Amino acid sequence: MKIPRILLLTVFYSVLAEAASPTDTLAQLEAAVVAEDTETAQKLWKELTPHFDGLSTADQGRYLVVQGLIQEDVLNDIKSADQSFNRVISLLDGAPAPTQALADAYYERGYIKYIRTHDTAVYCSDREKAVELTRKLNTLAKLPRYLTSLSFCYTDSPKHFQQGLAVLNEAMTLAESMQLGPTDRGFIYNATALLYRGNQLFAQAHEYSELAYREYRKAPD
């Protein structure tokens, strides 16, 4: 049976309308990475790669951040992940306006420096930059975690104790106002315990370790 030309054109344009643009695919890719849907994330990553050069500079930064996360968390390729985060910083650091992709790249690169060196002199400048940019952007969804990670920079000296405690108090205030889940709250409590332990305040360290344990027990498997 011959299908009428008008019907074929209608179907054709309907398919085009439903096809995701590269920007839409990037948003789906970011969502898949956040949801830890590794199969979908890798599929979308491969689909989007040929369109990289056509993305805006800001979206190229977003793409490279999720690429780095896939390389690090899924492929266990720390070297390539580090290169991806460095590319984001090279691409966006001179931009007139801050972007969340740049903040995220500093945060993730700081984590790689942390696991490689455990040296606050090496990784803390990246964590400070991530918090500074995220404050400017007012990205409340990410600020509690970035603040909590920054607190690890204040465990190496008693003179930094109050600064570390202030950062963690801010993180917990945000977590409570945003009604974050037990995993996030447990992360903050655990960091607080480490800060107290680093300053030889062992009773308080034990108290916050218990609080962290209780929160982690509430978290879904």
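Residues that are in a helix (DSSP H, G or I) and either without any contact (Cβ under 8 Å) to a residue 24 or more places away in the chain or in contact with a Ser or Thr (Cβ under 7 Å, 6 or more places away or on another chain) (or both) within region 53-72 comprise Asp53, Ala58, Asp59, Gly61, Leu64, Gln67, Gly68, Gln71, listed in sequence order. Exactly one residue out of Asp73, Asp37, Asp24 is more than 25 Å from Pro144 (Cβ to Cβ), at pLDDT 95 or above and open to solvent by 50 Å² or more (accessible area, probe 1.4 Å): that is Asp24.
When region 157-172 is examined, which residues are found to be surrounded by 20 or more Cβ atoms within 10 Å (Cβ to Cβ) and farther than 19 Å from Tyr216 by Cα? Hits for region 157-172 are Gly164, Val167. For the list (1) modelled with pLDDT under 95; (2) surrounded by 15 or more Cβ atoms within 10 Å (Cβ to Cβ), I need the number of the one condition that Ala97 fails. Unmet condition: (2).
Going through (1) closer than 23 Å to Thr183 by Cβ; (2) open to solvent by less than 20 Å² (accessible area, probe 1.4 Å); (3) of a type in the set (Phe, Trp, Tyr) one by one, Tyr111 falls short only on (2). In region 88-114, the residues that are within 11 Å of Asp126 (Cβ to Cβ) form Cβ pairs under 6 Å with partners that are polar (S, T, N, Q) and assigned to a helix (DSSP H, G or I), at six or more places apart or across chains, as follows: Ala103/Thr134. Taken over region 173-207, residues that are under 17 Å from Leu140 (Cα atoms) and either in contact (Cβ under 8 Å) with a residue 40 or more places away in the chain or surrounded by 20 or more Cβ atoms within 10 Å (Cβ to Cβ) (or both) amount to 5. Pairs are defined by a Cβ separation below 8 Å, a sequence spacing of at least 6 or placement on different chains, a first member in region 40-52 that is within 14 Å of Ser21 (Cβ to Cβ), and a second member that is open to solvent by 70 Å² or more (accessible area, probe 1.4 Å); the pairs so defined are Leu44/Gln28.
If you scan region 40-56, which residues turn out to be closer than 11 Å to Thr25 by Cβ and among the charged types (D, E, K, R)? Correct list: Lys43, Lys46, Glu47. Among the residues making up region 40-56, those that are under 19 Å from the mean Cα position of the chain (by Cα), open to solvent by 10 Å² or more (accessible area, probe 1.4 Å) and under 24 Å from Asp82 (Cβ atoms) are Gln42, Leu44, Trp45.
The values are calculated or read from the model by the stated rules, or taken from the named source; none is laboratory data. Just so you know, these numbers come straight off a predicted model, no measurement behind them. Ideal geometry is used to build each Cβ from the backbone, glycine not excepted, and the neighbour counts take in all protein chains shown. These area figures cover heavy atoms from the full protein model, side chains too; ligands, DNA and RNA do not enter into them. Shrake-Rupley method; radii C 1.70, N 1.55, O 1.52, S 1.80 Å.
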